[in-house]
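These notes concern the structure reproduced below.
The values are calculated or read from the model by the stated rules, or taken from the named source; none is laboratory data. These figures come from a predicted structure and were not determined experimentally.
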Amino acid sequence: MFLQDIKESGVADLDLLDRSKLLKRQRFLQELREQFRCRFRKEYLAQLVQRHGQKDCELKVGDIVLVGSDNLKRINWPIALVDELCTGRDGRARDVKIKTRTGILVRPVRKLYPLEVCSCTQDSTV
């Protein structure tokens with residue numbers, strides 16, 4: 001009963017692994033992470049800024065946005081939640097009260113870039 005063979009779990013024994021293989025794998029994963037971060041910054045964030053200029057989607061309360069800043073790179077822009085829309089004389093939203101993790105701020109609409117998870121996406125059949 002207790003003398004049965006222990007089945008292997010498929011995980012290699014750490015004593016058998018070579019140090020150079022582990023270092024090589026770590027470098028590979030680090031390079032892969034950096035490539036993904038670079039592609040994310042160049043492709044996705046640039047696409048958000050470009051799509052924002054089309055004006056096909058108005059901001060709504062509850063939307064998740066990136067808060068644009070001239071002092072920070074796009075990858076470091078904070079994420080915020082639209083809390084309240086402040087309309088101008090013409091009835092259009094000019095300023096927005098947003099909630100970030102550091103507090104509540106008021107920012108102009110032109111400096112906010114809605115993420116794809118906002119409620120303004122066209123495909124509501126999902």
### Query
What single numbered condition from (1) assigned to a loop (DSSP other than H, G, I, E, B); (2) modelled with pLDDT of 90 or more; (3) of a type in the set (A, V, I, L, M) fails to hold for VAL126?
(2)
### Query
Would a scan of region 22-39 turn up a residue that is within 20 Å of the chain's Cα centre (by Cα) and at pLDDT below 85?
yes
